[in-house]
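Everything on this sheet refers to the single structure shown next.
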Amino acid sequence: MSSKGQTQSEFYDNKIVTYFLFAVVLWGGIAFLAGLLAALQMAFWQFNFNLEWITFGRLRPLHTNAAIFAFAGNVIFAGVYHSTQRLCKTRMYSDTLSWIHFWGWQLIIVAAAITLPLGFSQSKEYAELEWPIDIAITVVWVVFAINFFATLMVRREKHLYVALWFYIATIITVALLHVFNSIEIPVSLLQSYPVYAGIQDAMVQWWYGHNAVAFFLTTPFLGLMYYYVPKAANRPVYSYRLSIIHFWALVFIYIWAGPHHLLYTALPDWAQILGVVFSVMLWAPSWGGMINGLLTLRGAWHLLRTDPVIKFFVGAITFYGMATFEGPLLSIKAVNALAHYTDGIIAHVHSGALGWNGLLAFGMLYFLIPKLFNTKLYSLGLATTHFWLALVGILLYYISMWTAGITQGLMWMAIDENGRLVYPDFVETVTQILPLYYVRIVGGLFYIAGFALMVYNLYKTVKAGSGLVEEAVPGVRLESGGHEKDKGHRWLEGLALPFSVLTFLAILVGSVIQFVPTLALHRYVQPEKFIEPWTALEQAGRDIYVKEGCYTCHSQMIRTLDFDVLRYGPASTVEESMWDRPFQWGSKRTGPDLARVGGKYPDLWHLRHMLDPREVVQNSLMPAYPWLFHKKTDFYGLRRRLSVMRMLGVPYTEEQVAEADRLAQEQARRIAQGLAEHDPSYAELWDKQIVALIAYLQALGQKEKLQ
Amino acid sequence: MRSQALSTLFTDIGLTLIGLMIFVVFFVLMIFFVFRKSGKSHYEKMSKLPLEETQAPSQSSQKDSNNSKGTPNE
């Protein structure tokens, strides 16, 4: 720890905090509106407007990225920059790094907002952004890390407060997750293939995906909870000891739980059970943290009546408790069999995102803006109204989506006494829950109405303020609070570097134990099975499938459950996706599974389905894809794409790579000629994307060959 | 039989045992250090750290405060 020459005349950097808070409001609004449009599209397909840029498959990643990285991300940065300075009793280490971080992150969000609607997507959930943006994220995150850790090094408070530990865990783990999940080989300026394939890609992706929730939407927000709830209630945290156990248990256990997203799939049983066991174990630290947060209000519960900030914080912690109760529950295999792929999971994530992250963010905004602008909140009444609108909105969303999820899950599971599916027609299970999608829209409107009130309230507050407050850094305090020598955890709290290294080791243990066996993929592949790689045209079609975000509604993973096998065919195997980059197992079935759709319908059916889904599937919610009928397939990029695949181990011959464009064109012409038998004009479609997509769809589940 | 059942689920018994050992040892040591009596005063002091700069309750509960213009609490 260095004194670095700080004096009383130095001030906290409040400007950077304010900028991040304004970014929260801006991106929060966009994320919520994108969510509302997506909800409208789910209820009324017409809201896709036949526009490729806002069709559901492209809008959904835009919504999730905006909610997670733009809204929640800026909340985290605002809170970290504000609280770290005060807990370290020093200004952030470098203003330059702070501003590079701020503008760099906003540019990344803008880049995401442009590229995702244009269809540049890796189709890996919460990691959709393409490789140049991945690199930019890494650079900006490293800038943030340098600034944060350098601030810790020059701090003037010996011990690190618990909030800082959660920030440390966040910064280290997100870096690790992002880098390892984003190892990809570029094939063009805005397209890449991951180095992992099939089961490996699934394992790495859900290690990332689950821990993005854990270390982007949970640990940093817990850090904010441990700082802002005591400040708002003017009470110390209920149990500092409990916070230590909460921290280490959470960091150690969370990282193992990713495989619970892949239950009953082709993932080896040992990995599934590992995910289940550690997910169930998460109950203890999660609820320990929730109890610690709520009991911080002991003796101050009266504030719940009068103070909207406390209302928002209590609401947020309660939703944290609810979401972290559901998470382990959903990871129990019997429960998972019912809820997975349904809207129940959508309810679960939104109780976390809207309840935990959203309410905590709003509480923080109402707490900080008046302080930063040296004034009172413009209207306590409006803030209280916001709270109730948000709460009612979340409950409408949550109850409707859980009802939809359980209803649809039970319909999928229903088998009659003759061993046949009671509801064999998938769309029947969708129309049944349609009214609940209308309720979700109402819930979303409530939530957004509350948000709009907050924007107005904060605007009036800032206007009434006397400008941004200049706060002097308080006097130097170097003593550790006693003459007794620090021991054990107390000693560790005084040492930022060893603390960070231990945190890194804690997350590394679970990661290594999960991945080392999975990297030996050959152990799970049966040698007598050979899966033919996609032909050049099928690969082109697959790239279109990926670009359009079809995974947002269709899985490609038939689980080892009777009702899945009855509906879709034999359970998917490890081998079947062994060349798939990226894997497309999916996590939600708004439409049916497509793992074995190949050969199920004629080419003409697919053509008509993509042009107007309701022409062949009555009551379908799927958007139409008219642009696939005039956009051309990129035949000439196929050589490069297949050569990258070959480099990654896909068994293409040299000829298949060198002749990729010619072979693809030949296959496309054959398909188009077949279509032209029904309508001569279809012959002209041979070089259009629709033909490549049909080739891919018809190959799904058809590639296995016994040697 | 138990080891047979385990071997079908956990193909890397050695790795699994290492994980379990690290996990158990880590938590036993942590609980030992955290609940030692000597740490009480330290934990009390640390838990009050965010409040050191705070001179009044939450800004928005202005009814409880006579500070009508809301001077900064920090």
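Here, each number is a calculation from the coordinates, and none is a lab measurement. From a predicted model like this one, the values you see are computed outputs, not experimental measurements. When we count neighbours, we look across all protein chains shown, and the Cβ atoms used for this are built from the backbone with ideal geometry, even at glycine.
Seen against the Cα atoms of chain A and their longest principal axis, helix A:660-676 is set at about 60 degrees. Rg and Dmax over the alpha-carbon atoms of segment A:140-230 stand at 16.5, 51 Å. Distance from the alpha carbon centroid of segment A:252-323 to that of segment A:353-383 works out to 23 angstrom.
As a proxy for reagent exposure, ranking B:PHE35, A:PHE451, A:PHE221, B:PHE26 by other Cβ atoms within 10 Å from fewest up yields B:PHE35, B:PHE26, A:PHE451, A:PHE221. Distances between placed amide hydrogens fall under 5 Å for A:ILE531 paired with A:LYS705, all partners being 5 or more residues away or on another chain. Radius of gyration (Cα atoms) of segment A:489-616, expressed as a multiple of 2.2 N^0.38 Å: 1.53. Shielding of peptide A:244-252 by partners, expressed as the average count of other chain Cβ atoms within 10 Å per residue Cβ, is 3.
For the segment A:268-274, counting C-beta atoms of other chains within 10 Å of every residue's C-beta and taking the mean gives 4. An ellipsoid equivalent to segment A:218-367, defined through the eigenvalues of its Cα gyration tensor, has semi-axes of 31, 17, 11 Å when rounded to whole angstrom and sorted largest first.
In terms of distances greater than 24 angstrom between alpha carbons, the cross-link table entries A:LYS529/A:LYS600; A:LYS529/A:LYS588; A:LYS124/A:LYS588; A:LYS371/B:LYS40; A:LYS311/B:LYS45 yield A:LYS529/A:LYS588; A:LYS371/B:LYS40; A:LYS311/B:LYS45. Picking from A:THR384, A:HIS101, A:TYR423, whose Cα lies most toward the positive end of the charge dipole for the protein assembly as shown (charges on Cβ: Lys, Arg +1; Asp, Glu -1)? The Cα lying farthest towards the positive end belongs to A:THR384.
The mean of 1/r over all distinct Cα pairs in the protein assembly as shown, once inverted, gives the Kirkwood hydrodynamic radius of 27.6 Å. Principal axis extents of the Cα atoms in segment A:247-309, from largest to smallest and rounded to whole angstrom, are 53, 22, 13.
Taking all Cα pairs closer than 8 Å and separated by 6 or more residues, the relative contact order of chain A comes to 17 percent.
Between the helical axis of A:95-115 and the longest alpha-carbon principal axis of chain A there is an angle of about 30 degrees.
The ranking of A:PHE47, A:PHE166 from fewest to most other beta carbons within 10 Å of each one's beta carbon is A:PHE47, A:PHE166. Computed with the Debye formula from one identical point scatterer per Cα of segment A:623-707, without solvent, the log10 of I(q)/I(0) at q = 0.15 Å⁻¹ comes to -0.64.
Calculated [222 nm] ellipticity per residue, helices only, for chain A: -19500 deg cm²/dmol; basis is -39500 (n - 2.57) per DSSP H run with n ≥ 4, divided by all residues, nearest 500. By definition, a body whose alpha carbon gyration tensor gives a ≥ b ≥ c is oblate when a/c is 1.5 or more and a/b is not larger than b/c, and segment A:529-706 fits this oblate description. Entry for segment A:1-158 at q = 0.10, 0.16 Å⁻¹: log10 I(q)/I(0) = -0.44, -0.87, Debye formula applied to identical alpha-carbon scatterers, no solvent contribution.
Using only side-chain charges placed at the Cβ, +1 for Lys and Arg and -1 for Asp and Glu, the dipole size of chain A relative to its Cα centre rounds to 2400 debye. Taking amide H as placed 1.01 Å from N in the peptide plane, A:VAL187 has its amide H under 5 Å from the amide H of A:SER192, A:TYR193, each at least 5 places away in sequence or on another chain. Here A:VAL565, A:VAL80, A:VAL439 are placed in order of increasing Cβ neighbour count within 10 Å, fewest first, which gives A:VAL565, A:VAL439, A:VAL80.
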